[in-house]
Amino acid sequence: GSEDGDDPCGEEKSSTTKTFHPIFVKIICNNTPQEALIDTGSTITIIHECLLKNIPHKNLIKKTKNHLSANCSTLNVIGETTLEINIHGLKTEVIADVATNLITDLILGSDWIQRNKVYILTPEQRIMIRSKGKEVSTPFITPPILNYPATLNNHITIPPFSEQMVEAKVPHHNMIDVLFEPNPRLKNKALFIASALLHIKDKRIRISIINATDRQQTLSKGTKVGVATQIAASIGVTMPLNNVQERIPKGKAYIKLIPKGKEANIISRLGSKNMQMVTSPEEQHQCRECKQYFDTGNELSKYLRIKCYSEEIREQINKLTEHINDDKQREQMSRILWKYGK
């Protein structure tokens, strides 16, 4: 929730339920124009390592930390650095953690918000700062695009009635885990891809495409196979208590912005439950006999047919299909039996 913050005018907040969006504003960070996410749900300020490398900065103090984000993923922190945040000539400083897998470039957390008396004026769509005897404000801006196209790395040909694992490129460097949704146009060609949560490595994802037709199909390099969406636009970070005391001044807002108890326990239970339900993809496509791993069930079934199925199964499948006169139908039935043979 980035919608917190005291209203200097003392206006009463409405109890009406609203859909909130992440708050981004334009700032100058270390003499470089940037867009920053204002997030009261994050107890600290965080900058992405990639952004830090591209702007002037003070020495990085190396520290290894792991913070838990609101979606229960881990933020990998490699150190700290001091940032200068300039808004319309009003300069402030904040100690920021440097993360390798932050979902956005820069988060200004409640440590910066409270220390510099930042007021988030949601009805007026702006933030206001009162610091060092000055008062400045800057408007909210449209959040950066969170959806990115996933395109094929290579030209591929998928055989009839088969499944193939392929690589696709995703252009954004900050994303680690994404929600992938397939291009609906592929369904018109009877090419099917599942919506899934995927991990990005070197700007690439691996997806499985199923060709449900009786002919081979070809997709050229650069074909858009779907869209990758950032899983969350707002990061809430859970910090050890000693770090919170060092970095955030205590007071009314401190208590308000850091909820405790029941909600955290619910998140913990949900996280544990989900972890127990996850099955490794490798385990799903492993040969029972030789324990070799395969990317897809299609590759596994082909391997079993050639290498590992017993003669008894081969004879049974031949007997079960010998009565089918149509060669094409007999082959289709054989494939099904080979795939699910025990």
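Laboratory data are not the source of any read-out in this text; all were calculated from the coordinates shown. In this text, all values refer to a predicted model and were calculated from it rather than measured experimentally. Counting neighbours? That spans all protein chains shown, and the Cβs are built from the backbone with ideal geometry, glycine included.
With a ≥ b ≥ c taken as the square roots of the eigenvalues of the C-alpha gyration tensor of segment 93-184, please select rounded if a/c is under 1.5 and otherwise prolate if a/b is larger than b/c or oblate if it is not?
Since a/c reaches 1.5 and a/b is larger than b/c, the shape of segment 93-184 is classed as prolate.
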Cβ-based net charge around Thr229, under 12 Å, with every Lys or Arg adding one and every Asp or Glu removing one | -2
Quick one: putting +1 on the C-beta of Lys and Arg, -1 on the C-beta of Asp and Glu, what dipole do you get for segment 147-230 around its Cα centre, in Debye to the nearest 20?
-> 240 debye
Between Lys307 and Cys287, what is the label-to-label distance in nm when each label sits 7 Å out along the Cα-to-Cβ direction?
-> 0.3 nm
Residue separation between Val227 and Thr151 times 0.36 nm, minus their alpha-carbon distance, gives in nm 26.5 nm
Label-to-label distance, nm, for residues given as Arg185 and His88 (7 Å Cα→Cβ offset) = 4.5 nm
Could you pull out the GluC sites (Glu not before Pro) across segment 84-167 that fall in loop regions by DSSP (anything but H, G, I, E, B) with no more than 16 other Cβ atoms inside 10 Å?
-> Glu124
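Here is the link list: Lys187/Lys224; Lys221/Lys307; Lys65/Lys91; Lys91/Lys117; Lys63/Lys117; Lys62/Lys203. Which ones come out longer than 23 Å on Cα distance?
Lys221/Lys307; Lys65/Lys91; Lys63/Lys117; Lys62/Lys203
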Grab the other residues whose beta carbon is less than 13 angstrom from that of Ile61, score K and R as +1, D and E as -1, and report the net.
-> +2
Taking +1 at the Cβ of each Lys and Arg and -1 at the Cβ of each Asp and Glu, which of Ser131, Ile120, Ala96 sits farthest along the dipole of segment 64-156 towards its positive end, judged by Cα position relative to the Cα centre?
-> Ser131
Quick one: length gained pulling Thr213 to Gln332 fully straight, 0.36 nm per residue minus the C-alpha distance?
-> 41.7 nm
What does the charge dipole of segment 23-156 about its Cα centre add up to, to the nearest 20 debye, if the Cβ of each Lys and Arg holds +1 and the Cβ of each Asp and Glu holds -1?
-> 340 debye
Using 1/(1 + (r/R0)^6) with R0 = 25 angstrom and r between the beta carbons of Ile95 and Glu135, what's the FRET efficiency to the nearest 0.05?
-> 0.55
